[in-house]
Amino acid sequence: MTDYTVGPVKLGLVIDLDTCVGCHACAVNCKEWNTAGHSAPLPDRDPYGADITGVWFNRIHTFEVDDGECGRTVHFPKSCLHCEAPACVEVCPTGASYKRVEDGIVLVNADTCIGCKLCSWACPYGAREFDDDAGVMKKCTLCVDRIYNRNLDEADRVPACVSTCPAHARHFGDLGDPNSAVSRLVAERGGYDLMPEQGYKPVNKYLPPRPGKIAGTGREMALTPAAPDTAGMFLRWVDRLLSR
Amino acid sequence: MHPAFSVIFFTTASGAGYGLLALVGMLAPLRLIPADRSFAFTALALALGLITAGLLSSTAHLGHPERAWRAFSQWRTSWLSREGVLSLATYVPAAIFGIGWVLFGRLDGPIAVAGFVAAALSAATVCCTAMIYASLKPIQAWRSAWVVPGYAALALMTGALWLNALTHVWGAGQRWLGVLAAAAAILGLLVKEAYWRSIDTTAGPSTPESATGLGRRGKVTFLDGPHTEANYLLREMGYAVARKHSLKLRRIARVLGFAVPLLLTLLALALGGTIAVPASLLAAVAGMLGVLVERWLFFAEAKHTVTLYYGATTA
């Protein structure tokens, strides 16, 4: 279905770059769940060899931001953003890539995908990875097989990445509902879109790191050597001993 | 972008095939090229052979070539689907034109109309191929306004070089066809130069700052990747060619693809006779090889925004 309709419900993730500690647990649990889930398997080639490669739906990059103060390391998880204007769906020649009307999730039908890879070229975010073994494209399903799964406790009906995050940096909900917890979080924290200039209108939002708590240039934090003239007799003796 | 040989061969071969089919379909009914049936058979067999070899090659990079028929369904939004539909549709008037001309020696009435329709569909198919690339927003180089003119000009050039060579082989070489081939080579070079200048001087709108949204806090530098080995994204979209190599390959494309065909075509034009046959044939072969190099570069020089997440500072 290369034509798509955007419905009122926009399920997606809100990722807090302030609290993400870069532990990769979300990526590992994503792999764990999805290698047996809707788009299973998520193959690995040469997993114990020198040239390891495999399909992952979620990857954690790390950036440094020069904020003119101490600088800041930001861990940056990235998965499919389930865009409102998904060019990956538009370019699909077979209709295998589609956007669900009822909740906005972007999925691939593995039975009709011809493996032309054009959708992965059309995605500016690198959300799609090709499965060489199955010959079809794979991508984040927003854990469509968890979030509606009545066999799971209600608390567990969230994507695997969200359920596993130890820093509570990932939130799941309906971003089409302005009163949902995730929408309020986005409004409160100034959540934003990645690459808005590309015009894909991503549903997933990112929360910016809060301003640093350490004021100043960072020099205050430097250790100052113990000055021998103000130190006690023992330290002066140690200093003399070590200065030899 | 990773240059997949099957796709490079496809656009080069089928581009030349559609160029030749368009010229033959237009010029034969107007009696501007030889009308005899052996010439008809050779010209159409070469054109349709190049087109078919290219189309078959294009399915080689698919994960599921046996499902290729599904690609005809989404022509409303997908340029790849449109290309598939038009490439197949072109066979219908081409077959009517070929049967009428080759088997019955007719070039009038409905056969002439079939020739013109085949020419129009050929041109449309080449433009659809170019639009597959030109419609991809994450690849700034391919957003260039010179992508569609480039594919059209090179299809016209290689088609004209083959038509010129075939008429010389049939001993029916005509000055104006040589002039057409030479002019097409000059046009092709001018369009490619414009494309190269545009990609050298135009930066994409996205940066590491916009890709992460962290630009409001300061300059963003890539610190650490998510994985230690290359993944699909880096192999497919992270392909990079060294600047010095790309300049050298552009020189090769200029010489092999445009200068050599132009000089050989002019040589055939000036000397005529027996020299014209090998000269015009060599011109066509050199033109094809040059276009192969140019197509390889078209991929290798194009940068994708996903590389911004892997340490690229521009895309």
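The values are calculated or read from the model by the stated rules, or taken from the named source; none is laboratory data. Being a predicted model, the structure only gives us computed values, none of them experimental. Ideal geometry is used to build each Cβ from the backbone, glycine not excepted, and the neighbour counts take in all protein chains shown. For accessibility, only protein heavy atoms count, side chains too; no ligands or nucleic acids. Shrake-Rupley method; radii C 1.70, N 1.55, O 1.52, S 1.80 Å.
Key figures for this structure:
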quantity: Residue pairs meeting the criteria (Cβ under 9 Å; at least 6 apart or on separate chains; first part of a helix (DSSP H, G or I), in region B:297-313; second open to solvent by 30 Å² or more (accessible area, probe 1.4 Å) and of a type in the set (Phe, Trp, Tyr)); calculated: B:Phe299/B:Tyr239; B:Ala300/B:Tyr239; B:Leu308/B:Phe222; B:Tyr309/B:Phe222; B:Tyr310/B:Phe222
quantity: Tally, over region A:123-147, of residues that are crowded, with 24+ Cβ neighbours inside 10 Å, facing chain B (nearest Cβ under 8 Å) and among the small types (Gly, Ala, Ser); calculated: 1
quantity: Total residues in region B:65-90, condition free of Cβ contacts under 8 Å to residues at least 40 places away in the same chain, facing another protein chain (nearest Cβ under 7 Å) and open to solvent by 30 Å² or more (accessible area, probe 1.4 Å); calculated: 5
quantity: Subset of region A:49-93 [acidic (Asp, Glu) and in contact (Cβ under 8 Å) with a residue 24 or more places away in the chain]; calculated: A:Asp67, A:Glu69, A:Glu84, A:Glu90
quantity: Of all residues in region B:220-250 being among the hydroxyl-bearing types (Ser, Thr, Tyr) and open to solvent by 60 Å² or more (accessible area, probe 1.4 Å), the one that is nearest to the other protein chains (Cβ to nearest Cβ); calculated: B:Thr221
quantity: Criterion (more than 24 Å from B:Ala89 (Cα to Cα) and assigned to a helix (DSSP H, G or I)) met by exactly one of B:Ser38, B:Ser6; calculated: B:Ser38
quantity: Any hit, region A:96-104, residues being of a type in the set (A, V, I, L, M, F, W, C), more than 7 Å from every other protein chain (Cβ to nearest Cβ), in a strand (DSSP E or B) and buried (at least 24 other Cβ atoms within 10 Å of the Cβ); calculated: no
quantity: Filter result (over 30 Å from A:Glu188 (Cβ atoms) and in contact with a helix residue (DSSP H, G or I) (Cβ under 9 Å, 6 or more places away or on another chain)) within region A:45-73; calculated: A:Thr53, A:Gly54, A:Val55, A:Trp56
quantity: Residues of region A:148-170 satisfying the condition of being open to solvent by 20 Å² or more (accessible area, probe 1.4 Å) and closer than 24 Å to A:Cys20 by Cβ; calculated: A:Ala155, A:Asp156, A:Arg157, A:Val158, A:Val162, A:Ser163, A:Thr164, A:Cys165, A:Pro166, A:Ala167, A:His168
quantity: Test: B:Ala182 is in contact (Cβ under 8 Å) with a residue 12 or more places away in the chain, more than 14 Å from B:Leu20 (Cα to Cα) and of a type outside the set (Asp, Glu); calculated: yes
quantity: Residue list for region A:105-118, filter: touching a strand residue (DSSP E or B) at 6+ places or on another chain (Cβ under 7 Å), crowded, with 24+ Cβ neighbours inside 10 Å and within 10 Å of chain B (Cβ to nearest Cβ); calculated: A:Cys113
